[in-house]
Amino acid sequence: MTTTQPSLDEATIGDSTTSRSRTSKRPVWMEKPNPFVQLVKFLALLISVALVIIPFWSIIATSIADQKTINDSGGGMVMWPKGVTLSAYASVLSGGVVTRAMIISILITVVGTLLSLVTTAGLAYWLSRPRAAGAKPMLLLVLGAVLFTPGIIPSYLVVRQLGLIDSWWSLILPVMVNAFNVIVMRAFFQDLPQELFESAALDGASSLTTLTRIVLPLSKAVLAVIGLFYAVSYWNAFFNALLYIQSSDKWPMALVLRTFVVNQTTIGGDQIGATEVLPPQLSLQMAILVIAIVPILVVYPFIQRHFAKGVLIGAVKG
Amino acid sequence: MSAFQVTRRRLLAGAGGAALLGATGLAGCSKSSSDEANSATVNDSVKLPTYVRYQGVKPDLPGTDAGVDPAFRYFPTDNPSVVPEKPGNGGSVSGMANIYYAVPPGPDRNSYWQGLNERLGTSLQLQMVSNADYTTKFATTIAGNDLPDMLQTPNGSPPPVANLPQLLDKRFTNLSEYLSGDAIKEYPNLANIPTASWKSTIFNGGIYGIPIPRGLIGSYNFIRADLFEAKGLPTSPKGYDELLSVAKELTDPKSRRWAFGLMSQLRQIFAGMNDEPTVWKYENGTLTHTYETEQFKQSVTDMMAFWKAGVVHPDAFNTALPFKQLFNAGTVAINGHDGYPGWTQYILDNASNSSFKLGLMEEYKRDGSGLAPWHLGSGIFSFTMLKKQDGANNGKDKITTLLRVLNWLAAPFGTSEYLYRLFGQKGVDHTVDAKNNPSLTATGTANTVLPIRYLADSPYTIYQPGRPGDADIQHGYQSKEIPTGRANPTTGLFSNTAATDNATADKNFNDGVNEIIQGRQPMSNLDGLISTWKSSVGDKMRNDYLPQLEGGAQPK
Amino acid sequence: MSNRELSSVASGGRLLAAPDADTADARSTGRARRGGTGSRWSRDKLLIGIGLPGAIALILFQYVPLLGNVIAFQDYQPYLGITGSDWVGFENFAAMFEDPKFYTALYNTLILTVIQTVLVFPIPLFIALLLNSLAGERLKRLLQSILYLPHFLSWVIVVSLFQQMLGNAGMLNTFLVQNGLPMFQVIGVPELFKALLTTQAIWKDAGWGTIIFLAAISRIDQEMYEAAAVDGAGPWKRMWNITLPSLKGLFILLLILRLGNSLSVGFEQIILQQGPVGLPASEVLDTYVFNNGILSQEWGTSAAVGLAKTVVGIGLVIGANKLAHLFGERGVYEK
């Protein structure tokens, strides 16, 4: 182990510098791009990006539109807000419900993602080692978990039995290990060069040492991706909160968002007796949608760094 | 592609694995023993709570026994207190109800909620569930047996809960000893709830809940009077031909305008115009569903004609059509049979739109000879069940406390309790104008939306702050329509098929009808749809209801 | 350098290619393997300990609730619980197989499964390759960030956006009508419903799906490209001979996992849009469960459909995995 370690560090460090220097320019060995191919690529990407940007632009435009602008566009989404107002944002953020839910969601996402990564990597590592005791039946169980989806009420009863009702742990523990992610991570672990494990074994390194000093450092890309998968699922999850969290005080953002979005079209629905002029319902929905997406947008680039470009080149050579 | 799909999948697996709420295993084989427990005979023997109308505040336009809601032009200046003692004794009570809007801040950051607890003398713990998710949450709550003290049934009459009588019997308190006959006078605000509403809470020979009363009018035909007037059109077209020509005048796809929104709204207008029964008709010992009548076929033909004429919004079959927004925008001119408390919301939504003018459309018979019969609502939104309590006399003390809390919450319009419940603390949650009309502040708007109105409520009262004329419009409309009212004879009766399989059968039936209206299937398919509907649920519901009707249960 | 040589370089990179696992672990665990089963367990104590927390969570929250599926054989009453409810044998399954609507739903599901597997599933891979072929790292990241955005919108929003843009009274058609042009009807046309669903699915998740492929691409040894380029292999050849072989294993793994859930084809997305096109064109198994089970509280039948779906899923996974083995791939589990 002691022999592998320095060379590993060297490789990683050495690479991160080279990859940084490569960020904006073509590697020397790469030929000049073919202009026709470039044009086709450019058009394909431009169209895809436009198809995404236009609706998102409309979401933002609607969130800052006043009732008149919305009425002028037939009661629907707005492309160009004439009367710009931030009242929808002010209204959504007043009362502290949304800010509180935001903090709760951030907390759950951070704690949950960390726990998920630790347990998922641990399980995947066990299952990835050839001939490890018990790995085979466990792998089948994991695979089975991809196929079987437990029902709402049986899950509820388990959570209740564990005394987790109305606790934030009920939003983390039941979804902490996702079988799909375990299998993907295991596949990545399996592709690490076996020579590394051999030399580690020769050095008498324990499985824990091998995991923390060889496997994980070499798996930053997949850890980043799986971490992102987990983070996003924690961030977006409303359904468990709906079932397990009793006090609305403890609601995460996704559930608050849902109450804004799903309650608009009930025919014969009861109305509140409010007398304050509220921003248009549609603007409120779009505003909270924007608010809910922003944190992910902020965090994403930091995670993206780890899988956007080869980080671990060279390490393979051990 | 991975973890994030889980939620969606779970929802279904809800089905798969989980499953469960009520549940008769197969095709509505309800248990015979329970049929006896919930028979017409035992239910008829229940002495309904005595109705004692609250007289302390005098409406500008009085309500009628037939079902017209009382109306106020201004908020009463004198607001008497009707609950002299604090209902609670310092403990806490819990409740669960649905909510239509964003949730309010929790009790620690909500002065309105704190004030409410103070007035109730108890700490009120509320679970709020958005309306769209309420049945799911309700199912897990029942299955997990994590019942709050007070639980709202899902919206409907009867509530769409399988085997409700058995469920009530096993888990909830029979309130007869507290509320039957004159006993209810202990709770004068509950006694102010009209008798018709209580009928929907009778099961297993007992009173099993507190009804959330709603007026018999149920819905209004809202119209954009400004759009009608701009073209000089009659706001209440007389008969089929005039309705069609008015609709054609209103429609202009180039400026994104259609006469009607959702097809289901148009369907209801024709149900009245074509003299269909209000769901069921009980006559000479036979019970006929509207689908089985010639009038219904006429309505289908009419819907086809209107659809072809292009006077209905082209996305009218999309059940998620945001018809309220479309109405606000003038994209849809007639918002047929929308929940009648919507008046307040439309006025508020359009406060900044000076051209907006809200009106109501009366429904005429097909030949225009007079008003069509109005299909009356069930008189309730839902009802509140009280869970079985432990302790001496089946938790008599706790039940009494809960009823006292609900009594406070049901305080009638104009009382000081009502003023606080809806408008909170003066100066913090609301301000008042020169005419004593309360108006919620931004704080009040966020803080006061607790769903306590779905645990107990006073009978509906017409009142539009700052717009005295609106009271006359609504009261006038109700006064015209209510006398033509036709009730559903099965209101207040329970049929397990109606609470379960009917939802599926009705969806399939209406889907088939929609295919016909859109011309994808021939009209001749209708008979097949009707006979499928009959054999899957129609006859079963008839068999459930008939003995109850013959047993003498009164049409309500 | 010939193709064959190139691909051998690629598998030297080992990324998710078929491993020669036997030889490798024979060496690494050779000593311990001589002992019996007991000593394997004691040898791997620590390893199991590392994996155990995850295993426990999985079993507790995935498998214990699965016991609840027995209600497929019950007349389940939630207030009575599983122990108190009546057993009805296979009645719920019989009810399902006797219902002609079930077969309509099955048919639509299978068609959509084929479309989604053949058409939708590979798209993220194409986008990932396209992005990867761009030289500018910053541009690449920016584009990727934009393309993954729709993933964060719930189906309620996505469906309503499509309605607003393409609906019969939406932006596009209003524009067409106002200019005297014929309408472009996509929404509410039964024949186009599957195309609409596919378009929406691509719009929402194709960008997001690229992430995992980009992670895999990031692990390919850049020196292989360099060596290939020096040997005169052009960009296409490099992609064909290095990138794709390196991603093959992952692609197959994801495909097999997808097949396991192939009978779940976008419940929320479809249930929100059934109204205008009607049930015959739009009913799939998941909406069938909702419309015939949850809506009418026929939970037994619902559970039965769920079980049937799972059985099909297991069959597909085993079959696909066998097929993968035949082609020398690893699949999701080894022989």
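The values are calculated or read from the model by the stated rules, or taken from the named source; none is laboratory data. Note that this is a predicted model, so its numbers are computed, not measured. Cβ atoms come from the backbone with ideal geometry, glycine included; neighbour counts cover every protein chain shown.
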A careful count of residues in the stretch A:188-198 that are in contact (Cβ under 8 Å) with a residue 12 or more places away in the chain and part of a helix (DSSP H, G or I) gives 6
Reported set for the stretch B:139-150 where residues are at the interface with chain C (Cβ under 10 Å from one of its Cβ atoms) and buried (at least 20 other Cβ atoms within 10 Å of the Cβ) is B:139, B:140, B:141, B:142, B:143
When restricted to B:158, B:211, B:148, the only residue under 20 Å from the mean Cα position of the chain (by Cα) and part of a loop (DSSP other than H, G, I, E, B) is B:158
List every residue pair whose Cβ atoms sit under 9 Å apart, with the two residues 6 or more apart in sequence or on different chains, where the first one lies in the stretch A:146-157 and is touching a residue at least 12 places away in the same chain (Cβ under 8 Å) and the second, anywhere, is in a helix (DSSP H, G or I) and of a type in the set (Lys, Arg).
-> A:152/B:10; A:155/B:10
Output yes when any residue across the stretch B:369-379 is out of contact with any helix residue (DSSP H, G or I) (no Cβ under 9 Å at 6 or more places or on another chain) and within 30 Å of residue B:459 (Cα to Cα), and no when none is.
-> yes
Tell me which residues, restricted to the stretch C:281-318, are part of a helix (DSSP H, G or I), touching a residue at least 12 places away in the same chain (Cβ under 8 Å) and more than 8 Å from chain B (Cβ to nearest Cβ).
-> C:281, C:282, C:285, C:287, C:288, C:304, C:308, C:312, C:313, C:314, C:316, C:317
Return the only residue of A:82, A:68 being without any contact (Cβ under 8 Å) to a residue 40 or more places away in the chain and within 7 Å of another protein chain (Cβ to nearest Cβ).
-> A:68
Any idea which of (1) buried (at least 21 other Cβ atoms within 10 Å of the Cβ); (2) over 18 Å from residue C:65 (Cα atoms) is the one residue A:171 doesn't satisfy?
-> (2)
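Criterion first (of a type in the set (Phe, Trp, Tyr), buried (at least 17 other Cβ atoms within 10 Å of the Cβ), within 12 Å of chain B (Cβ to nearest Cβ) and not in a loop (DSSP other than H, G, I, E, B)) does residue C:193 satisfy it?
No: the conditions fail for residue C:193.
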Hits in the stretch B:401-424 (condition: in contact with a helix residue (DSSP H, G or I) (Cβ under 7 Å, 6 or more places away or on another chain) and either in a helix (DSSP H, G or I) or surrounded by fewer than 18 Cβ atoms within 10 Å (Cβ to Cβ) (or both)) | B:403, B:405, B:406, B:407, B:408, B:409, B:417, B:420, B:421, B:423
Looking at the stretch B:327-360, which of its residues are surrounded by 22 or more Cβ atoms within 10 Å (Cβ to Cβ), of a type in the set (A, V, I, L, M) and closer than 15 Å to residue B:218 by Cβ?
-> none
Here, helices (runs of 4 or more DSSP H) confined to the stretch B:290-358 with at least 1 residues that are in contact with a helix residue (DSSP H, G or I) (Cβ under 8 Å, 6 or more places away or on another chain) and within 9 Å of chain A (Cβ to nearest Cβ) are B:323-329, B:342-349
So how many residues does the stretch B:437-453 have that are part of a helix (DSSP H, G or I), surrounded by fewer than 24 Cβ atoms within 10 Å (Cβ to Cβ) and of a type in the set (S, T, N, Q)?
-> 1
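Quick check on residue C:202: is it under 19 Å from residue A:29 (Cα atoms), assigned to a helix (DSSP H, G or I) and aliphatic (A, V, I, L, M)?
no
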The stretch B:238-264 - residue that is crowded, with 24+ Cβ neighbours inside 10 Å and not aliphatic (A, V, I, L, M) and, of those, modelled with the highest pLDDT = B:260
Restricting the search to the stretch C:100-151, which residues are closer than 24 Å to residue C:262 by Cβ, surrounded by fewer than 16 Cβ atoms within 10 Å (Cβ to Cβ) and either within 14 Å of chain A (Cβ to nearest Cβ) or of a type in the set (Lys, Arg) (or both)?
-> C:126
Would you pick out the residues in the stretch A:183-211 that are facing chain C (nearest Cβ under 7 Å) and of a type in the set (Phe, Trp, Tyr)?
-> A:197
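Here is a yes/no grid of residues against (1) assigned to a helix (DSSP H, G or I); (2) at pLDDT 85 or above; (3) over 26 Å from the mean Cα position of the chain (by Cα); (4) hydroxyl-bearing (Ser, Thr, Tyr):
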| site | (1), (2), (3), (4) |
| --- | --- |
| A:256 | yes, yes, no, no |
| A:261 | yes, no, no, no |
| A:265 | no, no, yes, yes |
| A:270 | no, no, yes, no |
| A:278 | no, no, yes, no |
| A:299 | yes, yes, no, no |
| A:310 | no, no, no, no |
